[in-house]
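The values are calculated or read from the model by the stated rules, or taken from the named source; none is laboratory data. Just so it is clear, the structure is predicted and the values come from calculations on it, not from any experiment. Don't worry about glycine lacking a Cβ; one is built from the backbone with ideal geometry, like all the others, and counts go over all protein chains shown.
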Amino acid sequence: MTAQRILGFGVVGWAGMRPEQWLSDCRVPHAPLFSPEVAPEEGGEPASTARESVWPGLVPDNEGTVTPTPPPLGDVRAFAASLFTRIEPQLLWGFRAEPLLGAKGLRTFDRLTRLTLVAVQGALQESGLGDLAARCPDRFGLAWGSAFGALESIEELHRVAELEEPRFINPNRFPNTVANAAAGQVAIWYGVTGPNITAVDGRCSGASALAHAARKLDAGEADCMLVGVSETLSLGMCQALDAQAARAEALRLPGFPSRYGEGSVFMALGRAEDPALSAAAADSAAPTLGFHLATALRFQSPGDGRRLVYPERALARAITTALTEAGLSPQDVDVVLLGGAIVEGAALDAERRAVAEVLGGGARMCVPGSVWGECFAVNAGFNWLAALSLFAGGAWPTPAPAGDGAGRPDGFAASAAAQRSAERGRPDIVLVVSTDTQGLAAATILRSPSAT
Amino acid sequence: MEAVYVTGMGIVSALGSDVESWWQALCRGESGQGPVTRFSTDGIERDQACEVKGTPWEPWLTRSERRQSGRAAGYALAAARQAMAQAGFGGAKIPAPERRAVVVGTSMGEGDRLGALHRAWFHEDAAGVSPGAVVPFGSVTLPALLARAAGCEGPIHTVPGACAAGNYALGLGAELIRTGEADLVIAGASEVIERLQYAGFARLGAIAPQRCQPFDAGRKGLMIGEGAAFFVLESAASVVRRGGQPLAQLGVVGLTCDAFHITRPHPEGAGSQAALQRALSATGLVPEAVDYFCAHGTGTEANDAVEAQVLRTVFGTRIPHVSSLKGAIGHAMGAASAIEAVACVQALRTGVVPGTVNLEAIDPALEIDVLKRTLRQTKVRVVLNNSLAFGGYNAVLPLMGADEPAPQPSLGSLKP
């Protein structure tokens, strides 16, 4: 499989993450994202704040030292926070797409669709491919992933059917309950008529979407694929997560995530050597942000009678496969962005062990998700963003802590590759990993545009 | 282009839950329709569906699987195990675990479990929410259960392509083999009838009051169905290595998006036509080669008109045999095109083309001929399995006889 060029990026995230500031610092082009137009709903506090100190996990201080402490939550937990005793959902409840998309046509869309439309807009604008998409709509496709998809809309209409009557279900809202609704609405909004694939593979949904997109580009079925992930959580899901957290607390399970987030991330992906895409990107002065070299997914059975597993073996195999497909050796990887959203816990330890098994004990591992919380499928999307930021000279993300203290090497122990990158100030090769406790694991390899 | 073979298939459907009895009932022109028994239809103004009767999937599941599975997973496991049995799965020469993959199509997954959770929450507040409630909705649940059953350690995917999900799963499964990512893929789709879905289609005015009559002048809408169909797909090398018996070949799925309306097809069928043409060209087929067109044929006014128009445009005066199975098995949504693919394979194997149950008088405005009754003893070498879906998704899957030479594809390119 050949490499794909990343030509544009769009992101919507919790305002407290301040992606605009971060991207600006890192000189990655970006759309005006999750902006102060965000308004509260039903009397809540504004979801977007001007806090200046909410991104310390990725911004070095004056000494160049990365602060590993997670930031304060900001004001977004105003959303229904009183409902939950153990988790703090950072939901984009008040998100308004109107300032970016216009008021017309959004009325029946759910939040998932609105977030996705805005992220795609960012990717198209930054890639400079909007005009080309309008002229050749059948050569543009979409591959989109989400762990929970249309859950919020399903809950909304279940509520109507259960507490009122089925005949009160709004037929215009019913299509939102189908998992591919957001992808279909994106196609309508931007006129994209090529292959349109929705992937629902838990935390590995982003990797799945990338893999589907790469195959379509490789087969010549499309020349540009808009690839992304989105996640919104429903109240019911938050209740269930709260209940899970309570059980984890009762069982004294360490490292259970308490902070949950939402968002959407999109990239415009084209074949590396496509002349038409190159010309269009050059016309709009859109830089190449990076290259996608390979994505591999592997499964590991939890074993008889068990439901869940931390798929360490599967991740090791996925990394090995991705490296082989990319034509790289383990020593070529400069930094690994782990998929977990917490810095302690069995899931992240399993990821660390798998990475160390393939790349060696000196592999440099980071956990950017410790800043934004558990965002399920979007964890991977934010890690793509972190990788592109690093390519553009951004700060190194939060290091992973040493692990369980059983003698495994520190995440910051210097490998030869990490040493090279540190000297240059930016990495050439970033490995993004994702795991889902049902047994799926994924590895994605991204390359810097300046790497030789 | 590397050939991708079907070496096993299995089914759970309102009309039968093994391929042979299902096929015989289909060819006899039977219908699986009956009153909805799974939930109350009070306030919905419709009460008919094509439900899977009884629990025919249970014998195929282990005790542990029965405990962990909702209906969607139960259907899927039963259909997949039938397929694996037919393929002679389990021999020493079966591809290594890492070379086996799973691709599952669905629209709502375990929708009934989600409904149960929501009902508990709405009526009992937080106390009704089980701590384990997140797990069953984990979107990896369906393929993970199948991967465990089949000992797969390669990639697993869920593709919720709405009512085209079955073709998506089969097409993307074949793609994993063609790209060399797998040698064997368990691919198919599963769907359960759930109250919200049923009520939603009713509120859209899409469900027929009495029966589904595809392409009929008096058609009044679709009939909701459910079920699953799964296939074992293999590379040519794997089939040869283990002496497998291929049943059919899969071509390249044609995927497009209407980008027109979230529920209605493009009025001129532009996306559907492009998908059909993409499937033909990517597989290396010409329209004249197609012997049977297994229509999406939902029995709604818009769908049948668009499909007829696409057929006239692509095939001109040489339209192949056309029929719809939805009068017999209902519209199984995400599983529909996977179930219909079973009929496509059977048509290729037997030379029998099933008719269109409940079709009495073909709508003259459609200007196409549609099989009313089962056509026996005809030559079937190439079949197109057509599907359209919410979101404007179009997926067309070509299937060829097992002995047909592998066609050579031609691909498009960007011409700004």
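Can you pull out every residue in the range B:74-93 that is surrounded by fewer than 16 Cβ atoms within 10 Å (Cβ to Cβ) and touching a strand residue (DSSP E or B) at 6+ places or on another chain (Cβ under 8 Å)?
B:85
Of the residues making up the range B:181-210, those that are under 22 Å from residue B:158 (Cβ atoms) and in a loop (DSSP other than H, G, I, E, B) number 6. Filter the range B:211-255 down to the residues that are assigned to a helix (DSSP H, G or I) and of a type in the set (S, T, N, Q) and list them by number. Across the range B:211-255, the qualifying residue is only B:238.
The condition of being part of a loop (DSSP other than H, G, I, E, B) and in contact (Cβ under 8 Å) with a residue 12 or more places away in the chain holds for residue B:406. Just one residue in the set B:316, B:355 is surrounded by fewer than 24 Cβ atoms within 10 Å (Cβ to Cβ) and without any contact (Cβ under 8 Å) to a residue 40 or more places away in the chain; that residue is B:316.
Filtering B:229, B:147, B:165, B:199 for residues that are at the interface with chain A (Cβ under 9 Å from one of its Cβ atoms), surrounded by 24 or more Cβ atoms within 10 Å (Cβ to Cβ) and closer than 30 Å to residue B:369 by Cβ leaves a single hit, B:165. Touching a residue at least 40 places away in the same chain (Cβ under 8 Å) and within 14 Å of chain A (Cβ to nearest Cβ): does that describe residue B:284? It is true that residue B:284 is touching a residue at least 40 places away in the same chain (Cβ under 8 Å) and within 14 Å of chain A (Cβ to nearest Cβ).
Checking every residue in the range B:160-175 against the condition of being part of a loop (DSSP other than H, G, I, E, B), within 21 Å of the chain's Cα centre (by Cα) and on the phi > 0 side of the Ramachandran plot gives zero matches.
Against the numbered list (1) under 27 Å from residue B:27 (Cα atoms); (2) part of a loop (DSSP other than H, G, I, E, B), residue B:334 comes up short only at (2). Scoring residue A:289 on the criteria (1) closer than 22 Å to residue A:372 by Cβ; (2) in the same structural domain as residue A:141 (by TED's automatic domain parsing) leaves a single failure, condition (2).
The selection criterion, being within 14 Å of another protein chain (Cβ to nearest Cβ) and either under 30 Å from residue A:113 (Cα atoms) or not charged (D, E, K, R) (or both), holds for residue B:388.
If you go through the range A:175-189 and keep only what is out of contact with any Phe, Trp or Tyr (no Cβ under 8 Å at 6 or more places or on another chain) and at the interface with chain B (Cβ under 7 Å from one of its Cβ atoms), you end up with A:177, A:179, A:187.
One residue stands out among those in the range A:140-174 that are of a type in the set (Asp, Glu), free of Cβ contacts under 8 Å to residues at least 12 places away in the same chain and closer than 18 Å to residue B:120 by Cβ: the one that is farthest from the other protein chains (Cβ to nearest Cβ), which is A:164.
Every test in (1) free of Cβ contacts under 8 Å to residues at least 40 places away in the same chain; (2) away from chain A (no Cβ under 12 Å) is passed by residue B:56 save one, and that test is (1).
Inspection of the range A:329-339 identifies no residue that is within 14 Å of chain B (Cβ to nearest Cβ), out of contact with any Asp or Glu (no Cβ under 9 Å at 6 or more places or on another chain) and crowded, with 18+ Cβ neighbours inside 10 Å. From the set of residues in the range B:60-73 that are part of a helix (DSSP H, G or I) and without any contact (Cβ under 8 Å) to a residue 12 or more places away in the chain, which is surrounded by the fewest Cβ atoms within 10 Å (Cβ to Cβ)? So the residue we want is B:63.
Consider the range A:241-278 and keep the residues that are within 12 Å of another protein chain (Cβ to nearest Cβ), at pLDDT 75 or above and under 22 Å from the mean Cα position of the chain (by Cα). The one that is farthest from residue A:340 (Cα to Cα) is A:271. Scanning the range A:190-228 for residues that are more than 7 Å from chain B (Cβ to nearest Cβ) and either part of a strand (DSSP E or B) or among the basic types (Lys, Arg) (or both), we see that the one that is nearest to residue A:311 (Cα to Cα) is A:203.
Would you check which residues across the range A:279-293 are surrounded by 21 or more Cβ atoms within 10 Å (Cβ to Cβ) and within 11 Å of chain B (Cβ to nearest Cβ) and list them? The answer is A:280, and nothing else. In the range B:1-55, the qualifying residues are those that are of a type in the set (A, V, I, L, M, F, W, C) and part of a loop (DSSP other than H, G, I, E, B), and the one that is surrounded by the fewest Cβ atoms within 10 Å (Cβ to Cβ) is B:1. Here residue B:16 meets the list (1) in contact with a helix residue (DSSP H, G or I) (Cβ under 6 Å, 6 or more places away or on another chain); (2) among the small types (Gly, Ala, Ser); (3) at negative phi almost entirely, failing just condition (3).
You will find that of B:194, B:234, B:181, B:226, the residue that is under 21 Å from residue A:204 (Cβ atoms) and of a type in the set (D, E, K, R) is B:181 and no other. Contact annotation: residue pairs with Cβ atoms under 6 Å, 6 or more positions apart or on different chains, pairing a residue in the range A:239-264 that is among the acidic types (Asp, Glu) with a partner that is outside any loop (DSSP other than H, G, I, E, B) and at pLDDT 80 or above, are A:262/A:231. Among the residues of the range A:243-299, those identified as farther than 21 Å from residue A:202 by Cα and of a type in the set (S, T, N, Q) are A:278, A:284, A:288.
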